[in-house]
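Everything on this sheet refers to the single structure shown next.
Nothing in this text is a laboratory measurement; each read-out follows from the coordinates by a stated rule. Note that the structure is a prediction, hence the values are computed from the model and not measured. FYI the Cβ positions are ideal-geometry reconstructions off the backbone, even for glycines, and counts take in every protein chain you see.
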Ligand SMILES: [Zn+2]
């Protein structure tokens, strides 16, 4: 792709983040873990924005109950693997982005392989068990993680830098949305708000522009439109950080 074409395609964005910002995006590799409500929308924004490479990870198939919020999927996709459908649709949005599908659950066995080469990881999971695995991996590999979660009318976002901010384990102890039992009930557009904030955080981290949500937890109440910012501080004896950050 020639420079002129690139500038044309991203010109509205380059006007904000500059050519250097755009070039940084084009060299960046992002992993989106989970391709549900958050992951589909974050992926669409990142592919649209022109990241160089996107790894998408999910083991699930598309269910009819996903369609009210997972706008990358259609009725005809029901029953198909999420990554399989997503990789095609994301390439249709921007053929210049290398989209790498991983049709597996993130486990402690494959986590390192999946995220070792990425610049930023996006938490788009819907359960805290999976987040535990993800948290250990990003702390061990010292990868920045943009965390997002939704529940009902509520959502939360925070950016985790291992060694600098509380990890997900500490965040959950400090203050967090209640865990969902079985599945998370959610209002589609509230998921969209949280996904948009997560994608914005990724763009900020990669370009180095603006202030990411470092040591801050943003809590969004979509029912009353109240957005709170909670200051976070590290816990001295976090079992995850004290275990994995000492290893290096
Ligand atoms: Zn920790």
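Descriptive notes on the structure:
- Per-residue packing, averaged as other Cβ atoms within 10 Å, sorts the ranges 118-127, 183-192, 52-61 into the order 118-127, 52-61, 183-192, beginning with the highest.
- Taking the C-alpha atoms of the range 1-144, convex hull volume expressed per residue in Å³: 111
- When both bridge partners sit in the chain, DSSP labels roughly 45% of those beta bridges antiparallel.
- Rotationally averaged projected area of the range 143-207 (alpha carbon convex hull; nm²): 4.8
- Estimated D of the range 152-248 in µm² per second, where Rh is the Kirkwood radius over Cα pairs and Stokes-Einstein applies at 10 °C, 1.306 mPa s: 108
- Computed log₁₀ I(q)/I(0) - Debye formula, equal Cα scatterers, no solvent, the range 1-77, q 0.13, 0.14, 0.20, 0.22 Å⁻¹: -0.49, -0.55, -0.86, -0.94
- Relative contact order for the range 1-127, counting Cα pairs under 8 Å that sit 6 or more residues apart, in percent: 32
- Label point at residue 68 placed 7 Å out along Cα→Cβ; residues across the range 144-182 whose backbone nitrogen lies under 20 Å: 149-156, 178-182
- Each stretch of four or more DSSP H residues adds -39500 (n - 2.57); spread over every residue of the chain, this sum gives -12500 deg cm²/dmol at 222 nm.
- With only the Cα atoms considered, the range 100-187 has a convex hull volume of 106 Å³ per residue.
- The range 1-76: relative contact order in percent, alpha carbon pairs under 8 Å with at least 6 residues between: 30
- FRET efficiency for residue 221 and residue 13, using Cβ-Cβ distance with R0 set to 30 Å, rounded to 0.05: 0.50
- Projected-area mean, the chain, by convex hull of Cα positions, square nanometres: 13.2
- Counting only DSSP beta bridges with both residues in the range 85-223, the antiparallel share comes to about 65 percent.
- Protection proxy ranking, peptides 147-157, 22-32, 98-108, average beta carbon neighbours within 10 Å, highest first: 147-157, 22-32, 98-108
- Contact order relative to length of the range 114-248, as percent, for alpha carbon pairs under 8 angstrom and 6 or more apart: 28
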